[in-house]
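Here, each number is a calculation from the coordinates, and none is a lab measurement. Keep in mind that this is a model prediction, so the values were computed, not measured. For neighbour counting, all protein chains shown are included, and Cβ atoms are generated from backbone atoms with ideal geometry for every residue, glycine included.
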Amino acid sequence: MRIAFDLGLHIDSAGYVAQGILTVAEARARQVAFWGCYLSNLLWSFHLGRPFSLDDSEVTVPKPDPKTLPTNPTWQPYSIPSLQFVPGTTQHDASQLPDITPQIFHHWIFLCQNIAVVGHALYSYTSISKPALQELCEETTTELFHWKDSLPPHLQIDTSDTGTVKLPQLLMLHMEYHHLQIFLHRPWTSSQLQPQPLQGAGVHHARHVCATSATEIARLLRIYENQYTFRFINRD
């Protein structure tokens, strides 16, 4: 993130494009590079329990518009361009799917922005009371539910349908959603950690959400393994 800020990737480049200093393609590349760094920084900060390396108030570059990002008619595994899928396999079926990577990237950004406020509260503030943290988690949970419900139909996944081929990056997106739900609810699964007086949905609700999300992650992993194997899965 420090290099991204040194390069000014967090700054809106529209003015430089208007002056002819940057081309549209260069500005778009800077835009995508910054938001990719943003996602990596935020997710690793959550995984390691460390403060974020940026303040959103300093960011002026807009989020990438999926309609303006270059894409291919069908998806191909970019890390293995020479890989040839055998016809009739799920991998071959996936290579016939439309490339919706820009749309998935777009929703990744909004998912992480929804959860960022909790990360700031946990890792940036000197202290936060249990009632305030519980209220913040409840508000963020509502935003996550809304995020998932507002996904377009082609980005939704029914984990009971194991036959429909889904892109691997879409499976990872849904796994991260459920991981963040567990992150929000796990502290409240203990009755001893509940704020006093009691507030929110309570211990049983927190345990139910954690169990449900863990089950969904297991189902998504099974779909991923059946369709692609774990050989090239993103382990971040």
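Summing +1 for each Lys or Arg and -1 for each Asp or Glu among the other residues whose beta-carbon sits under 15 angstrom from that of Ala132 gives -2. Along its three principal directions, the equivalent ellipsoid of the stretch 1-62 from the Cα gyration tensor extends over semi-axes of 25, 10, 8 Å, largest first. What are the DSSP H helices in the chain that stretch 27 Å or more along their long axis, judged by alpha-carbon atoms, and whose average Kyte-Doolittle hydropathy comes to at least 0.5? Flagged H segments are 101-123. Each other residue within a Cβ distance under 12 Å of Pro168 adds +1 if Lys or Arg and -1 if Asp or Glu, for a net charge of +1. Projecting label points 7 angstrom from Cα along Cα→Cβ for Arg2 and Ala214 puts them 3.8 nm apart. Among 220-232, 150-162, 109-121, sorting by the average number of other beta carbon atoms lying within 10 angstrom of each residue, highest first, gives 109-121, 220-232, 150-162.
Provide the net charge surrounding Gln113, with neighbours chosen by a C-beta distance below 14 Å and charges set as Lys +1, Arg +1, Asp -1, Glu -1. In short, -4.
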